[in-house]
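Where a number appears in this text, it was derived from the coordinates with a stated rule and is not lab data. All values reported here derive from a predicted model rather than from experimental measurement. Backbone-built Cβ (ideal geometry, glycine too); neighbour counts: all protein chains shown.
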Amino acid sequence: MSDPYLPGSLINSQLIASLAARTALETPGVLRLEPTLEGFLARLGPAALRSLRHPGSQDGSYRHDGVTATINDGTARVDLDIATDIAYTALTVAEAVQQRIHENISHTGLTPGRIHIHILSIEPRPE
Amino acid sequence: MDDHGPGPEPDEGDEGSIVARAQDGDLAAFEHLVIAYQDRIFRLAYRMLNDRLDAEDVVQETLTSSWRSLPLLADVNAFGAWLYRLATNKCLDLLRRRSTHAETSTDPDELLGIGEHGFPQAPAGTDPADQAQWSAQQEGLAAVLNTLPPAQRACWLLREIHGRSYTEISDTLKISPTTVRGMLARARHHIAEGMGQWR
Amino acid sequence: MALEDVPRLGCGRSIDEVWAGIDQPPTGHEEHCQYCQTARTRLQRLQEATVALRESDLHDPELKPRPGLTRAIMDVARAEVRRGNRLLVRTTDHGTIEISEQALDSLIRIAATAIPGIHSRRCRIDIRTLPNSPHETTSTARAPRLVINFRVAAAAGIDIPKTVDALRQKIRTAIPAGIGIDAGTINITVEDLYDV
């Protein structure tokens, strides 16, 4: 509000969330982001979803299937739920995802904060 | 010898292992159990409640609550018995709630006439004469069944239609196996008499 | 619910006794007793009707729940499983990496399918992390240690010790390969036998 050139006001949490999601999906060994309870509610209808999702809400966080991004004082924090390919070593995949998201956040001008990766499933890649 | 597929696919012959996997949260294993039991539970609930929607609710509640309390099931080989118990008791609860809310008649003779909906159809291709006798018998049985007190009806359905054991039924209804036998005898007597009147 | 509640015929015999002999020819008493004859006729009709009802209910396409019910049940199950236990397996400079117990379980089960004569049952995993000093922030210092308690059913007639060894070996290589940590302690219990 006070300074329009601060990166924090140009880059919102939704953008960071989609950046993190895209980065994860481009990392070899990631099968998908894991739908959470919210993904399940999405199928129940828009009303149930609206009551849960608040894009750009007051706490500066944005949630989508499998990814939550929060921006606080110019620092972006990311929580990511992923499923990995059993042909890869899950921890190596998760560390690569962390590293790449860290780099990509710093390219936005924001400070990369903690990046939490949750491996919810390890399974064979569908044919 | 052992033909294992590529994934952890449940094996038909060993339900205990499928149940154990489901206990650990394996969704594919649980889905296998849902598919194996949902029709049976529905048939039981439908004959108990005479209402499709209520019966579907019982199926859904039984299976979702089984998912939640599955980790607590001590004996993986008792899954079927446990599901039948959950479902039977949900039906009995529902009937109890119905009877306190509604002014339904409990006089068997009056009830005899009101069971006209939901009778099964004779299988296609049945000889018309046979079919007439067949459906008369079916209607008689289904209608008389509705006149039995709920616990007696549950007892009869579990034993005669679903082939559950006396021990299991006695656990389900929380009565002794001797009482189960007595209840079953009264149910048979009542139904046989009722069918006689129906003719 | 006393025993005398059991319905009795005019001749004093119980319905149960008549029912028990329904598949056999009438006894001497039954041939001459009016009560028993009536009861037999009725019970025979009941038996036929019971079999017919059982069969028709079983095959009646109308007596099935709506097609979407399986999906509805599975949606609830799926939504709830995601909130299961998560194990912290690594803390890096950038954040934490957690793995769901479910993911570890399925990896172990997939490994077990490679061993003939074994069906997976329950699997409990504990993760023990050595208490770290406040200065440590990197992964190297705190390798988590898994304790796997795996229950299985074995095919009747197999060499159990040999098979269990093979299974343990399989898990010991599958976990570092699939996850990137040591398998730690693997306790295997054969709790049941199944027929092949």
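What FRET efficiency do you get for residue C:32 and residue B:165 if R0 is 30 Å and r is their Cβ-Cβ distance, rounded to the nearest 0.05?
0.25
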>> Against the 2.2 N^0.38 Å scaling, with N counting residues, where does segment C:86-194 land? I'd like the Cα-based Rg ratio to two decimal places.
In response: 1.20
> Along the charge dipole of chain C, which of C:65, C:52, C:107 sits closest to the positive end, that is, farthest toward it, with unit charges on the beta carbon of Lys, Arg, Asp and Glu (+1, +1, -1, -1)?
Replying inline: C:107
> Looking only at GluC sites (Glu not before Pro) in DSSP loops with at most 15 other Cβ atoms within 10 Å, what is the longest site-free stretch of chain C?
Replying inline: C:63-135
>> Looking at chain C as a GNM with Cα springs under 10 Å, which of C:106, C:14, C:120 has the largest mean-square fluctuation?
In response: C:14
> Over all distinct alpha-carbon pairs, what is the Kirkwood Rh of segment C:3-59 in angstrom?
Replying inline: 12.3 Å
> How much of the DSSP beta bridge set in segment C:86-194 is antiparallel, as a percent to the nearest 5?
Replying inline: 60 percent
